[in-house]
2 protein chains.
Amino acid sequence: MKKSVEVKTIVFPTPVFIVGTYDEESKPNVMTVAWGGLCCSDPPCIALSLRKATYSYGNIVEREAFTVNIPSEAHVKEADYFGITSGRKKDKFSTTGLTPVKSDLVDAPYVKEFPLILECQLLHTLELGLHTQFIGKIMDVKADETVLDEAGLPDIKKVNPIAFSPGNRIYYKIGEFLAQAFSIGREVV
Amino acid sequence: MKKSVEVKTIVFPTPVFIVGTYDEESKPNVMTVAWGGLCCSDPPCIALSLRKATYSYGNIVEREAFTVNIPSEAHVKEADYFGITSGRKKDKFSTTGLTPVKSDLVDAPYVKEFPLILECQLLHTLELGLHTQFIGKIMDVKADETVLDEAGLPDIKKVNPIAFSPGNRIYYKIGEFLAQAFSIGREVV
């Protein structure tokens, strides 16, 4: 028998995306976004939801571009800091010692120290209520060579990303291999 | 130095959502969706992207409702099967022995055996290209009492959800506790 836990924004897992933007003075900023995910394969797109009150919101509206950076668990402290501090008050790159790199493809910076990054051009903006959803077309995906597998694809166990649990608000590591997708399901007759 | 891995839909982690719908004959169906995520806190909303070719696409358009079911790792085989089989050809509940339960709140079924479920009313439909994004208002969240923590919130380590790695297409478990969110970041001065 299932019990109602009331209307909450809880699903498992949610991602921890670090979103890179430039402000009007071209100062790089980053913020943490857990409300988002891939949303289209062709054109390849990713969706992010931000509150209008955030500094990054205005940056995306103005520049029509952003990066999505996947931090490793080694940078969980910085990833959390990026979500609890506003770029209006702090230069988050200088306070953390991380390095902004200007994208060649879109008008936004990415985080040099984070192993996997997506460069995105704003495609759609959808007002939903407290959050605005920005949908970006993925112009390129870049990764450190150290996190690629033998097929040249990013290996989640080398990236060591962070999974977020809403509700109790805890960060978790990615665990063990469970199964090969588009394969194990064939065992159901 | 980062290397381009070309334009791909890869971020880590993505969720494994099992989406429940009714077809025109009120037969319950489920499909697997990894392109999606929470997208608004107020009203509380979740976004899912489906290809028009799927059976569930038409079901959501007609019924304007769906459920999002979070499977435990123990059901990884069924979760994968739901993604590689069409409800046009198979009754996925009868082939897996899982149990559809009619929601009292929305015109869609949920999966009794999955520990955490969201009942959603369709709010927005956005054509993106190969995928259509459906945004549903979360009308209630229900969980098995066995997966709740002391505060009455769903505990990700009791739910044991599946994390999906696009690209190499592998399912992973959720790993160890990493840090408390909205807290560890305060250590950055």
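The values are calculated or read from the model by the stated rules, or taken from the named source; none is laboratory data. All of these numbers come straight from a predicted model, not from anything done at the bench. Cβ coordinates were reconstructed from backbone atoms using ideal geometry, including for glycine residues, and neighbour counts include every protein chain displayed.
Within the option set A:PHE114, A:PHE82, being touching a residue at least 12 places away in the same chain (Cβ under 8 Å), among the hydrophobic types (A, V, I, L, M, F, W, C), within 26 Å of B:PRO15 (Cβ to Cβ) and in a helix (DSSP H, G or I) holds for one residue only, A:PHE82.
In segment A:174-189, the residue that is nearest to the other protein chains (Cβ to nearest Cβ) out of those that are farther than 30 Å from B:LYS90 by Cα and surrounded by fewer than 18 Cβ atoms within 10 Å (Cβ to Cβ) is A:GLY175. Taking residues in segment B:171-189 that are hydrophobic (A, V, I, L, M, F, W, C), and partners anywhere that are outside any helix (DSSP H, G or I) and surrounded by fewer than 16 Cβ atoms within 10 Å (Cβ to Cβ), the pairs with Cβ atoms closer than 7 Å and at least 6 places apart or on different chains are B:ALA181/A:ARG169; B:PHE182/A:ARG169.
Tell me yes or no: at least one residue of segment B:111-128 is polar (S, T, N, Q) and out of contact with any Gly (no Cβ under 7 Å at 6 or more places or on another chain). So far as segment B:111-128 goes, yes, one or more of its residues are polar (S, T, N, Q) and out of contact with any Gly (no Cβ under 7 Å at 6 or more places or on another chain).
Residue count for segment A:156-170 under the criterion of being without any contact (Cβ under 8 Å) to a residue 24 or more places away in the chain and at the interface with chain B (Cβ under 7 Å from one of its Cβ atoms): the result is 4.
Does B:ILE135 qualify as being at pLDDT 95 or above and either closer than 22 Å to A:CYS40 by Cβ or buried (at least 21 other Cβ atoms within 10 Å of the Cβ) (or both)? Before the answer, list the steps.
Numbers: at pLDDT 95 or above: yes; either closer than 22 Å to A:CYS40 by Cβ or buried (at least 21 other Cβ atoms within 10 Å of the Cβ) (or both): yes.
Here the answer is yes, as B:ILE135 does meet what is asked.
Taken together, the residues in segment A:78-93 that are facing another protein chain (nearest Cβ under 9 Å) and under 12 Å from A:ASP23 (Cβ atoms) amount to 1. Among the residues of segment B:1-53, those identified as facing chain A (nearest Cβ under 7 Å), of a type in the set (Gly, Ala, Ser) and more than 16 Å from the chain's Cα centre (by Cα) are B:SER4, B:SER41.
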